[in-house]
Every structure is written in C-alpha cells, then in structure tokens.
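Asks: Got a structure for you, written out below as structure tokens; questions coming shortly.
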Amino acid sequence: MTASSIPQLNVGLIGGGFMGKAHSLAYAAMPMFFWPAPAIPVRHTIAEVTDDLAAGAAARFGFQHSTGDWRRVIDDPNIHVVDIATPNNSHAEIAIAAAQAGKHILCEKPLAPTVAEAKAMYEAVKAAGVVNMVAFNYRRTPAVALARKYIEEGRIGKVLSFRGTYLQDWSADPSGPLSWRFQKKIAGSGALGDIGTHVVDLARYLVGEISAVNAMMHTYIHERPLQSGGADKLGASDKTAGGPRGAVDVDDEVMTLLRFENGAVGSLEATRNAWGRNNYITFEIHGTEGTIHFNYERRDELRVFFNSDPSDARGLRTVYTGPAHPYGEGLWPIPALGIGYGETKIIEAYDLFTAITTGRPVRPDFEDGYRTELIADAIVRSAQERREVDVESIGAPRETAGV
Ligand code: NAI
Ligand code: SOE
C-alpha cells in the first residue's frame, strides 16, 4: 500500500475536555504507530458548548474547524466519523442523530446513563448499519489483550473465578467540587457507571457474559461545593470550597458478586474514595491450570502462574509486554519501554479505523455497551433490593472474542 492510497477520513469530535484531549492525541499519533495505517484520521471539526471554547479546543487539539453547536458536525456531509466525548447524558441524543446521518461512531463510556438510552442507541446503529464502538479502552492495554490470548489458548485451563477492582482517590476529599460526575441526571450513577463499568467490560472480555449479581452500593459524601459548568475538575481543591454546596445523588462505592453464564464466579469493587489508589484497575483470574494477575498501575506487566511450568520453576512470574505481544508490532521495539494511557487510545483508534476501512468487526460495540448497562442496572436493583438479581437477557451470550 502506498501512502497516497491510504484513505483520509474526517473526524468530528464533540467535547474538548479530558477525553477530547486523549482522542485528539490518538488521531494524530495512530498512523505514526500503525503503518501502513488503515486510514489517516483527519481532525476536521471539534464542537464545544460555546464558539469560543470550540475555537480554543481546535487550536489546542489541531482541528481545522470548530463550532459551538454539535449539530453542525452531524449535518456536515464531509464528516465520516463522529466521536462523542461529552458527559454521559448527551451520548444518546448525539449518537442517534449521528447514526441517522450515516456517520460511523465512537462513543465514550458508559454508553448511556440509562438502559433505555443505551437500547435506543444500539437500535439506531443497527438500523443505520454504521460502524460503532464504545470506548472501554482498558481492554486495549497490551497486557490485558495478552491475558485474553492466554485464556483463549487454554493456558490457565477453564476459568473458575474473576476478582476485579477499580480504585481511585480523587473523590475522597469532601471539598472536591460537585462536578457532573456526582450528579445522577448527568452521569447516571457514580463509581458504578464511571469506573465500575470498565471492570464489567474487562470481565465480559476475559471471562464471558455475566448472568447475575449480588451487590451493595454506598454514598459517603452527600454534598460538595458547587462547580459551575465546564470540564470536570476531578477532585481538584476548588476555590469555592467555602461557598454554596449541592447534593451528591450517586454512589461512591459499589461491591458486587458476579455469576457468569459459563459457570465462573467473581467479584467487582469500584470506588473513587480509596486514598492512595490512583488508577488501580486490577484483576486476578484463577483457572483449573493457572492464574493471571494484572494491575493497571504496572500496566507493562502481566503476572502469570502456569501449572504446566516445571515443578522447580513454578510461581507467579512477570511477563513484560513488548513486540511479541498483542499490538506489539505497532508500539515500541523493546518490552517495558512503557505503555501509557495514550497508547490504549491510539490502539482504540487503530481498531476503529480498521473496522471502518476493512469491514472487520470491532468490539466493544454498542451492543456490548448496552449489555454493560443491563449489568449496571441489575447491580443497582440488587443493592436496592438486597438480594441476588438476574441480568436481563437480550439473547444468547455473545462470542467474547473480537478485536
Ligand atoms: P470533561 O468534563 O473533562 O469534558 C467534557 C467536555 O464536554 C467539556 O469540555 C464540556 O464543555 C463539553 N461538553 C459538554 N456538553 C457538550 C455538548 N452538548 N456539546 C459539545 N461539548 C460539550 O469530561 P471527560 O472526562 O472528557 O468525560 C467525557 C466522557 O468520556 C464521559 O462520558 C466520561 O465517562 C468518558 N471518559 C472516559 C474515559 C476512559 O478512560 N475511557 C476517561 C475519562 C472520561
Ligand atoms: C474518573 O473516574 C475517570 O476519568 C473515569 O471517568 C475514566 O473512565 C477512567 O478511565 C479514569 O478516571
């Protein structure tokens, strides 16, 4: 393939906050890592809530055009891909409009704050036949993809159990501002939707469909200083700390037991109130023939125990991901040079554009996002009703394999 034969696809990015930054970086860097690239993502238009914010975001993130009205992105026939990087309550309206306009879509997680919206989004992309992807990017950490490969190859035998955590501490300080992430009408839920859904995605990716949950949820901090508009300050100590306060109406902590369709059992814990934990996504998977352990704070490493190892060399040991491992051909030439958060987003962009230009399926898609919302909904009901709750079934378990 020659450089001139690589298609150029125009991206309309909606939202210029934390994820606007991460996705812009990924579009710029993807062809530098994966060459020949499946397509060159052109940073065409960025939308923000005002023209001024949009113009600033365009200058910062390298977009050719900007707008204070996301509908102009949808209406622009030159835009091929709509990227939704706004707070959760706007995902459905934008995604459904984008699907109806025939755009391919990348939508940030959680797919939507409610099951009803997630279902409508799934139905809209299915009807439109557009490529769709939900941005659960942690499964694109090479060590996580390697865990998946080992499980598929049977290296740890039949999976018995999954223990997953996502612990952060940015909301542990009660003087942290009441951003959109603490408001049910915008976020849908708290730790559950914001970070617990990442663990649900990993559990589904690595083990399979979740059929039932038994959960507890709790809120520790019931009000916070008001934050007026703007990107989430993610716990930054706010100058308004002594000023007016508003109610937190989402969970700070979720813990649940999990049953998988294939007979495995598991647990999930998520909180943003765990002092000293930053992006502590972990999982440990026990199988009949071995164990796999991962900690995102040491994300170049996968810890493994294989029962097949010689008896004098057994023990949990560390595999450092590199060229021999998933996505290694596009990343850095030596193991342990350091995989970052940005790389997961670059790989996400690579897989999205590969799907658009080759027709190869991409996962997690909106059906995965919808199924994750059904699991989140079961977790909420289980906590409220203090009992085990079945996850609503929307058909046979999905093949967990997929890019
Ligand atoms: P943020 O608060 O940093 O930025 C959101 C931006 O969207 C703000 O600049 C805001 O002005 C803009 N915005 C809001 N409504 C808009 C509208 N109607 N049109 C155009 N712009 C609008 O939020 P952040 O952290 O970037 O989160 C955005 C989404 O990404 C959320 O769904 C969140 O859950 C998800 N996220 C995913 C992460 C991941 O690891 N996959 C990491 C962080 C966030
Ligand atoms: C805040 O908890 C947050 O930004 C989440 O919204 C993201 O999904 C996670 O990847 C990092 O932390």
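Asks: Taking into account only those residues within region 172-187 that are crowded, with 22+ Cβ neighbours inside 10 Å and within 12 Å of ligand 2 (Cβ to nearest atom), which is farthest from the chain's Cα centre (by Cα)?
Replies: Top of the filtered list is 176.
Asks: I would also like to ask the following. Take the conditions more than 13 Å from ligand 1 (Cβ to nearest atom), farther than 21 Å from residue 232 by Cα and part of a helix (DSSP H, G or I) and apply them to residue 1. Does it pass?
Replies: no
Asks: While we're looking at this one, here's another question. Conditions first: (1) modelled with pLDDT of 95 or more; (2) within 21 Å of residue 23 (Cα to Cα). Residue 338 passes all but one, so which condition is the exception?
Replies: For residue 338, the exception is condition (1).
Residues are listed down the side, and each one gets a yes or a no for (1) touching a helix residue (DSSP H, G or I) at 6+ places or on another chain (Cβ under 9 Å); (2) part of a loop (DSSP other than H, G, I, E, B); (3) in the same structural domain as residue 266 (by TED's automatic domain parsing); (4) farther than 17 Å from residue 144 by Cβ:
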site	(1), (2), (3), (4)
292	yes, no, yes, no
305	no, no, yes, yes
312	no, no, yes, yes
330	yes, yes, yes, no
333	no, yes, yes, yes
345	yes, no, no, no
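Asks: Quick check: is even one residue across region 198-207 outside any helix (DSSP H, G or I), surrounded by 23 or more Cβ atoms within 10 Å (Cβ to Cβ) and within 16 Å of ligand 1 (Cβ to nearest atom)?
Replies: no
Asks: Would you check if residue 156 is within 16 Å of ligand 1 (Cβ to nearest atom) and surrounded by fewer than 24 Cβ atoms within 10 Å (Cβ to Cβ)?
Replies: Answer is no for this residue.
Asks: Answer with yes or no whether residue 184 is out of contact with any Lys or Arg (no Cβ under 9 Å at 6 or more places or on another chain), of a type in the set (D, E, K, R) and in contact (Cβ under 8 Å) with a residue 12 or more places away in the chain.
Replies: Criteria met by residue 184.
Asks: All but one of (1) in the same structural domain as residue 89 (by TED's automatic domain parsing); (2) more than 12 Å from ligand 2 (Cβ to nearest atom); (3) crowded, with 18+ Cβ neighbours inside 10 Å hold for residue 147; state the number of the condition that does not hold.
Replies: Of (1) in the same structural domain as residue 89 (by TED's automatic domain parsing); (2) more than 12 Å from ligand 2 (Cβ to nearest atom); (3) crowded, with 18+ Cβ neighbours inside 10 Å, only one is false for residue 147: (1).
Asks: Next question, about the same structure. Applying the selection to region 209-223, what residues are among the charged types (D, E, K, R) and either at pLDDT below 95 or assigned to a loop (DSSP other than H, G, I, E, B) (or both)?
Replies: Selection gives 209 alone.
Asks: Just checking: which of the strands (runs of 3 or more DSSP E) contained wholly in region 101-171 hold 2 or more residues that are within 23 Å of residue 342 (Cα to Cα) and more than 14 Å from the chain's Cα centre (by Cα)?
Replies: 104-107, 159-167
Asks: On to the next question. How many residues does region 36-68 hold that are in contact (Cβ under 8 Å) with a residue 60 or more places away in the chain, in a loop (DSSP other than H, G, I, E, B) and not aliphatic (A, V, I, L, M)?
Replies: Total meeting the criteria: 1.
Asks: Mind listing whichever residues of region 75-95 are part of a helix (DSSP H, G or I) and either buried (at least 20 other Cβ atoms within 10 Å of the Cβ) or within 16 Å of ligand 2 (Cβ to nearest atom) (or both)?
Replies: Of everything in region 75-95, those that are part of a helix (DSSP H, G or I) and either buried (at least 20 other Cβ atoms within 10 Å of the Cβ) or within 16 Å of ligand 2 (Cβ to nearest atom) (or both) turn out to be 88, 89, 90, 91, 92, 94, 95.
Asks: Scanning for something in contact (Cβ under 8 Å) with a residue 24 or more places away in the chain and farther than 21 Å from residue 196 by Cα, does region 369-384 turn up at least one residue?
Replies: Among the residues of region 369-384, not one is in contact (Cβ under 8 Å) with a residue 24 or more places away in the chain and farther than 21 Å from residue 196 by Cα, which makes the answer no.
Asks: Given the criterion surrounded by fewer than 21 Cβ atoms within 10 Å (Cβ to Cβ), at pLDDT 95 or above and not assigned by TED's automatic domain parsing to the domain that holds residue 9, identify the matching residue among 354, 321.
Replies: 354
Asks: Moving on. Considering 260, 283, which residue is crowded, with 19+ Cβ neighbours inside 10 Å, within 16 Å of ligand 2 (Cβ to nearest atom) and not charged (D, E, K, R)?
Replies: Only one candidate passes the filter, namely 283.
Asks: Also, quick follow-up: Inspect all residues belonging to region 275-294 and state whether any of them is under 30 Å from residue 183 (Cα atoms), among the acidic types (Asp, Glu) and touching a strand residue (DSSP E or B) at 6+ places or on another chain (Cβ under 6 Å).
Replies: No: zero hits.
Asks: What is the one condition in (1) on the phi > 0 side of the Ramachandran plot; (2) free of Cβ contacts under 8 Å to residues at least 60 places away in the same chain; (3) under 21 Å from the mean Cα position of the chain (by Cα) that residue 263 does not satisfy?
Replies: In the conditions (1) on the phi > 0 side of the Ramachandran plot; (2) free of Cβ contacts under 8 Å to residues at least 60 places away in the same chain; (3) under 21 Å from the mean Cα position of the chain (by Cα), residue 263 misses (3) alone.
Asks: For residues that are more than 7 Å from ligand 1 (Cβ to nearest atom) and not in a helix (DSSP H, G or I), scanning just region 15-35, find the one that is nearest to residue 179 (Cα to Cα).
Replies: The residue in question is 34.
Asks: Picking from 276, 235, which residue would you name as being on the phi > 0 side of the Ramachandran plot and either acidic (Asp, Glu) or touching a Ser or Thr at 6+ places or on another chain (Cβ under 8 Å) (or both)?
Replies: 235
The values are calculated or read from the model by the stated rules, or taken from the named source; none is laboratory data. These numbers come from a predicted model, not from an experiment. Backbone-built Cβ (ideal geometry, glycine too); neighbour counts: all protein chains shown.
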